[in-house]
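Nothing in this text is a laboratory measurement; each read-out follows from the coordinates by a stated rule. In this text, all values refer to a predicted model and were calculated from it rather than measured experimentally. Using ideal geometry, Cβ is built from the backbone for each residue, glycine included, and neighbour counts are taken over all protein chains shown.
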Ligand SMILES: [Zn+2]
């Protein structure tokens, strides 16, 4: 296929799968898009407690200085040993609580974890530990070769 044919095929495909945004963009009638200024915080961040490079305090301060209202830490859980995953004892709630106490009402560290979905669909911390977090990111980091049905089942059980 020649380049102009490829471009035409691409446009046709995009048009087929769009819900009118291509036409609205051509008429400059798209709604206002989200910009950096609209962001109030971020989630799913890794500190040096697992495989990040900065401390919770440094990262939270950088987000606060940027004008964000919250910073959601979500270090790796214990199964991600290759990424410095945290044992239950290493979970940084005391540090987050200390920093939250210091920072007042206009900024908050949200206490999260990136918990591995195990092969049977369970998460790798017990329920009572998971309940101590403000949010949980459930992730699959291994056993990628399970068959399609078992893998989907695993994912659905992990995402409850
Ligand atoms: Zn992650």
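Quick one: check the C-alpha center-to-center distance for the stretch 1-50 versus the stretch 53-81, whole angstrom. Using only Cα atoms to place each centre, the spacing works out to 28 Å. When only Cα pairs below 8 angstrom with a gap of at least 6 residues are kept, the stretch 34-158 shows a relative contact order of 22 percent. Annotation: the antiparallel percentage among DSSP beta bridges lying fully within the chain is about 5. Using the Cβ-Cβ distance between residue 153 and residue 48 with R0 set to 45 Å, the FRET efficiency works out to roughly 0.80. If R0 is taken as 45 Å, the Cβ-Cβ distance between residue 21 and residue 101 corresponds to a FRET efficiency of 0.50. The slack in the chain from residue 140 to residue 29, taken as 0.36 nm per residue of separation less the alpha-carbon distance, amounts to 36.0 nm. In this structure, residue 88 and residue 10 have a Cβ-Cβ separation that, at R0 = 41 Å, corresponds to a calculated FRET efficiency of about 0.25.
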